[in-house]
1. I need a count of the residues in region 59-99 that are outside any helix (DSSP H, G or I) and either open to solvent by less than 50 Å² (accessible area, probe 1.4 Å) or in contact with a Leu (Cβ under 7 Å, 6 or more places away or on another chain) (or both).
2. Which number in (1) open to solvent by 50 Å² or more (accessible area, probe 1.4 Å); (2) touching a residue at least 12 places away in the same chain (Cβ under 8 Å); (3) in a helix (DSSP H, G or I) marks the one condition that VAL148 misses?
3. Restrict the check to region 14-23 and report whether at least one residue is surrounded by 10 or more Cβ atoms within 10 Å (Cβ to Cβ), of a type outside the set (Gly, Ala, Ser) and at pLDDT 80 or above.
4. Please go through region 100-145 and pick out each residue that is in contact (Cβ under 8 Å) with a residue 60 or more places away in the chain and either surrounded by 15 or more Cβ atoms within 10 Å (Cβ to Cβ) or β-branched (Val, Ile, Thr) (or both).
Amino acid sequence: LMLRGFHVQAQQAMAMVGVRLDGARAAAMSVATTARKHSPREVFGRGMRGTTLTLCSYGVAWGLVNWGFITWLPTMLRGLGLDAAATSGLLATAALFALPGTAAAAALFAFWSSKKSTVLFGAATSIVLAAFGLSQPFLVVHPELLGVALIALLVASSSMSGVLAPYSVEV
C-alpha cells in the first residue's frame with residue numbers, strides 16, 4: 001500500500017496487526033518505500049541468488065515428481081501386474097487416505113516452521129520415491145504395502161507442492 005501511495009490505508013492495515021508508526025516514522029517509511037524502484041533481476045542478485053536457485057530447484061524437483069512419476073504411475077502399476085480396475089481402485093483409495101495426511105502437513109507448515117516443513121516434505125518425497133523404486137520386487141509380492149507406499153507418496157508430493165507457493169512468497 002505504501003509503494004502505491006496509499007499511506008493512510010497502509011497505516012490502518014498495520015494498526016490492525018498491532019504495528020503503530022508515529023508520524024515521523026511513517027513519513028520516513030513512505031519516502032524510503034517510494035524512492036527506490038525494484039527490478040525482477042534482484043531475485044538473482046547477490047543477496048537472493050541462493051534462495052532463488054533453491055526455490056527454483058525445489059519447483060523443478062516437484063515438477064519431475066508430479067509430471068515424471070505420478071503421471072506415469074498407473075502405467076507403472078499395470079507393469080507390476082495390476083489390471084486397470086485394480087490400478088484405478090488402488091490410486092483412488094490412496095488419494096482418499098492421503099487427504100488427512102495432506103491436511104496435517106498444511107497444519108504443520110502453518111504452525112511449526114515453514115522452512116523446516118518445506119525441507120521435511122522435500123526430503124520425505126525423495127525418501128518415498130527411493131523406497132518405491134528400490135522395493136518394487138517386494139511390493140509385487142506384498143500388494144498391501146503398495147497402498148501404503150502410494151499414500152506416503154501422495155501425501156509427501158502434494159505437501160511439497162502445497163508449500164512451494166506460500167514459502168516462495170514468504171521468502
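The values are calculated or read from the model by the stated rules, or taken from the named source; none is laboratory data. On a predicted model such as this, the values are computed, not experimentally measured, just so you know. Here the Cβ is made from the backbone with ideal geometry for all residues, glycine too, and neighbour counts use every protein chain on show. Protein only, heavy atoms only, side chains kept; ligands, DNA and RNA dropped before computing areas. Shrake-Rupley method; radii C 1.70, N 1.55, O 1.52, S 1.80 Å.
1. First, the residues of region 59-99 that are outside any helix (DSSP H, G or I): 71-72, 80-83.
If we keep only those that are either open to solvent by less than 50 Å² (accessible area, probe 1.4 Å) or in contact with a Leu (Cβ under 7 Å, 6 or more places away or on another chain) (or both) too, we end up with 80, 82.
Summing the residues that are outside any helix (DSSP H, G or I) and either open to solvent by less than 50 Å² (accessible area, probe 1.4 Å) or in contact with a Leu (Cβ under 7 Å, 6 or more places away or on another chain) (or both) in region 59-99 gives 2.
2. The single condition VAL148 does not satisfy is (2).
3. Yes, because at least one residue in region 14-23 is surrounded by 10 or more Cβ atoms within 10 Å (Cβ to Cβ), of a type outside the set (Gly, Ala, Ser) and at pLDDT 80 or above.
4. Matches in region 100-145: THR102, THR118, GLY122, THR125, LEU129, VAL140.
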